[in-house]
Amino acid sequence: MSRHYDRQVLDGLGILRAVVEAGSFVGAGEALGLTQPAVSRAVARLEERVGVRMFRRTARAISLTEEGRRFYESIAPHLRAIEEATSEAGDSKAKVRGRLRVDADPGTAQLVLTPRLQPFLEQHPDLFVELVARDRMGDLVREGFDVAVRLGNPEPSALKARLLMRTHVVTCASPEYVARHGAPRHPRDIEKHRCLLMRDPSTGSHFGWEFVRGRKVVPVNVSGPLMVNQFGPMLAACLAGQGITQVLEFHAREFFADGRLVQVLPEWADETYPLYAYHHSAQLMSAKVRAFLDFVVDVTRDADV
């Protein structure tokens, strides 16, 4: 194979990535400074070389075929590593620079990561962080994310999952709510209270509540006037005295510390929930991802149970 052909294939991979990220041949061309026909020809050459049809094309949109998606997932981390190596060529130490795309659940993004980002960004002035908060982790490779920080047990994936911490599930209310309605003395007493509920996207109903003390688990039937789909509105309603809710202790630690929230049934708070960081293989990890992982490890170290 000639060097020219090697370069042609590598260029085709870069154009493939641009099409996936832009969602169209026209958008990819605009990003790369190429015409739409040039982008189409490059993708066609790559499809012929690899023997895989990359895209389904309609009059209104394009989307990766299943074979194209698998191929792109396999090459995308390598393209990022090549870009990182190219930008750092000639530099004696790998600098943290460029754009870092981070996926996170809304509560962790709002209450854990964002408030603590300033020292990290000041330490790395050539880095631009794009933090995307959403309920579910999507396809990180296809969507161009470098790293994710998310609650819950990991699902099977080609990504590496690193356990950052485990935090307690705690039940809480505002002091004003407790003064008006009293504090429950047993988990079953919760069923008499106004509860603020979090929507489970997999069922459309609210997440179930249970209380754990040692090996004893007490599920309760909760009800209330409000169900939300993100942590922020639920926390705001709780702070406003609208009811009792369950939160993760490391999300609400500052509100307990300054007295805006009080914990109820603290002896029934042995349930824990994990927080994981997701990234590509260590061999393909860029300097910016390594730096961010070090940052989240430091941020969560003191909050770990």
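Annotation: amide H-H contacts under 5 Å for GLU271 (H modelled 1.01 Å from N, sequence separation of 5 or more, or interchain): VAL169, VAL212.
Over the chain, consider all pairs of different Cα atoms and compute the Kirkwood hydrodynamic radius from their mean reciprocal separation; express it in Å, one decimal. Mind showing how you got there, number by number?
Working: mean 1/r = 0.0449 Å⁻¹.
Evaluated on the chain, it is 22.3 Å.
With all protein chains kept in place, the per residue accessible area of the chain amounts to 53 square angstrom at a probe of 1.4 angstrom.
Find how much the distance from ARG185 to ALA31 grows on full extension, using 0.36 nm per residue of separation minus their present alpha carbon separation; answer in nm with one decimal. Extending this stretch completely gives an extra 49.3 nm.
Extension gain for the segment ASP298 to LYS216, taken as residue separation times 0.36 nm less the Cα-Cα distance, is 26.2 nm to one decimal.
Quick one: with all protein chains in place, what share of the accessible area of the chain is carbon or sulfur, to the nearest percent (1.4 Å probe)? Whole-percent figure for carbon plus sulfur exposure: 50. A rounded overall shape is assigned to the stretch 166-273, the ratio a/c of its alpha-carbon gyration tensor axes (a ≥ b ≥ c) being less than 1.5. Remark on LEU261: its backbone amide H falls under 5 Å from those of PHE256, a criterion applied only to residues 5 or more positions apart or on other chains, H modelled at 1.01 Å from N. For the chain, lysine pairs separated by 8 or more sequence positions, or belonging to different chains, with Cα-Cα distances below 29 Å total 6. Calculated FRET efficiency, ASP139 to THR114, Cβ-Cβ distance, R0 = 25 Å: about 0.60 to the nearest 0.05.
Restricting the trypsin sites (Lys or Arg not before Pro) of the stretch 129-183 to loop positions (DSSP other than H, G, I, E, B) with no more than 11 neighbouring Cβ atoms within 10 Å leaves ARG136.
Taking amide hydrogens as placed 1.01 Å from N in the peptide plane, the amide H of MET285 sits under 5 Å from that of no residue at least 5 positions away in sequence or on another chain. Each residue, PHE207 and GLU21, gets one label point 7 Å from its Cα in the Cβ direction; the gap between the two is 3.3 nm. Net length available on complete extension from SER223 to LYS160 is 18.9 nm, with 0.36 nm assigned per residue and the Cα-Cα distance removed. Scalar couplings 3J(HN,Hα) for the stretch 198-203, obtained by applying the Karplus form with A = 6.51, B = -1.76, C = 1.60 to θ = phi - 60°, are 10, 6, 8, x, 7, 10 Hz; x denotes Gly and Pro.
Relative contact order of the stretch 206-305, please, whole-number percent, based on alpha carbon pairs below 8 angstrom and at least 6 residues apart. Over the stretch 206-305, the number comes to 25 percent.
Relative contact order of the chain: 22 percent, from C-alpha pairs under 8 Å at least 6 residues apart in sequence.
The values are calculated or read from the model by the stated rules, or taken from the named source; none is laboratory data. Since the structure is predicted, the reported quantities are computational estimates derived from the model, not experimental observations. Methodologically, a virtual Cβ is constructed for each residue, glycine included, from the backbone with ideal geometry; neighbour enumeration extends over all protein chains shown. For accessibility, only protein heavy atoms count, side chains too; no ligands or nucleic acids. Shrake-Rupley method; radii C 1.70, N 1.55, O 1.52, S 1.80 Å.
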